[in-house]
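See structure below.
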Amino acid sequence: MSSNKNIVYNDELFEKVNYYHVVQEDKTVESKTDNYWVKAMKTLFKNKWAMLSLLCIVFFIVMSLLGPIMNDHTYKEQDLTRAFLPPKIPILADVHWLPFDGYANGVDQYELMGVEESFWFGTDQFGRDQWTRVWYGTMISLSIAFIAAIIDFFIGVTYGGISGYFGGKVDNVMQRIIEVLVGIPNLVIIILAIIILKPGLVSIICAIVLTGWVGMARIVRGQVLKLKSQEYVLASKTLGLTHPKILTKDILPNSMAQIIITTMFTVPGAIFFEAFLSFIGLGLPAPMASLGTVINDGFESLQIYPYLVIFPSIIISLLLISFNLLGDGLRDALDPKMKH
């Protein structure tokens, strides 16, 4: 065996690297990444339905914050002397073919009951202002959906990343847990969680989160399995980077497109589940309001006072459609396979 002790190290054994070229190469890689996101955003902005959906979502978010404070009423203020008043908007009151003139059965109900104030969305069976309750309920429904989506994001990304990256026995055990959760009907788990935790804001979020992260975890796991054998990941391992750094700096950033798309589709699912639970009586306790509880309260009087259901139903329908269309737009923009 030859010994390395006699080797004399001098400048001729090393090749001088121009720092300028190294920096330029790094900037080239960064510029390619930036160009990807720039092109994706341009593609998204060209999608008219996605942009219209985004504007619709922003409008509902703004109204959910401003709507409840646009008058002096609260979501739980009751006054039986003004119960079941139809919608009335002073500017539109003279346009009788619109349902905002305060008339019901050909009679001005506001004049009949001696009410001088106008309620834009009418009042319910307890005389509560529907305008305030609908927009307050929109804020609660959106809050539940966004919080549940954020928690699903962190749990799903962490669980799926660990499962896919380490593989082997770790992956097998973690995937068996997911299969058990998937094997039980989602609705059964949520209803049991609501019953055990008692109806409320926290219990609804916990119930939705219990199984909501599974889809995210599976998608992240698939992306990690595909990317962990790439050259740049192997290079990071060779350089001695720790597993958390490899996951957070090399693998997950390259999976961000799929993660964003999945998160976007999680939000309407959470809104629907919250509305469904509230509609069947397992939602927020009275007098709290969400879109589901407002629809549930007005459902019994649907045939006589349809406005109690129409307004919250229109809002929740537009929200679900908008989030799904925006999710489709993001998928077309961020997923290279969807580009034509």
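The values are calculated or read from the model by the stated rules, or taken from the named source; none is laboratory data. Model, not experiment: these values are computed from the prediction. All Cβ positions, glycine included, derive from the backbone under ideal geometry; neighbour counts span all protein chains shown. Just so you know, the surface numbers come from the protein's heavy atoms only, side chains and all, with ligands and any DNA or RNA stripped out. Shrake-Rupley method; radii C 1.70, N 1.55, O 1.52, S 1.80 Å.
Odds and ends about this structure:
- Pick from region 104-127, criterion open to solvent by 50 Å² or more (accessible area, probe 1.4 Å) and either of a type in the set (Gly, Ala, Ser) or part of a helix (DSSP H, G or I) (or both), ranking: farthest from Gly67 (Cα to Cα): Gly106
- Any pair with Cβ under 6 angstrom, 6 or more apart, that starts in region 184-199 at a residue that is more than 14 Å from Glu274 (Cβ to Cβ) and ends at one that is hydrophobic (A, V, I, L, M, F, W, C) and part of a helix (DSSP H, G or I): Ile189/Leu210
- Breaking point among (1) open to solvent by 30 Å² or more (accessible area, probe 1.4 Å); (2) more than 23 Å from the chain's Cα centre (by Cα), for Ser236: (1)
- Of all residues in region 212-225, at least one satisfies being surrounded by 14 or more Cβ atoms within 10 Å (Cβ to Cβ) and more than 22 Å from the chain's Cα centre (by Cα).
- Some residue of region 256-266 being over 21 Å from Met216 (Cα atoms) and surrounded by 22 or more Cβ atoms within 10 Å (Cβ to Cβ): no
- When we screen Leu284, Leu277 for residues that are in a loop (DSSP other than H, G, I, E, B), modelled with pLDDT under 85 and surrounded by 16 or more Cβ atoms within 10 Å (Cβ to Cβ), the only hit is Leu284.
- When the criteria are applied in full, Ser301 meets the requirement of being in contact with a Leu (Cβ under 7 Å, 6 or more places away or on another chain) and surrounded by fewer than 17 Cβ atoms within 10 Å (Cβ to Cβ).
- Criterion (touching a strand residue (DSSP E or B) at 6+ places or on another chain (Cβ under 8 Å), free of Cβ contacts under 8 Å to residues at least 60 places away in the same chain, among the charged types (D, E, K, R) and open to solvent by 70 Å² or more (accessible area, probe 1.4 Å)) met by exactly one of Asp94, Asp101, Asp72: Asp94
- Tally of residues being β-branched (Val, Ile, Thr) and free of Cβ contacts under 8 Å to residues at least 24 places away in the same chain across region 111-157: 1
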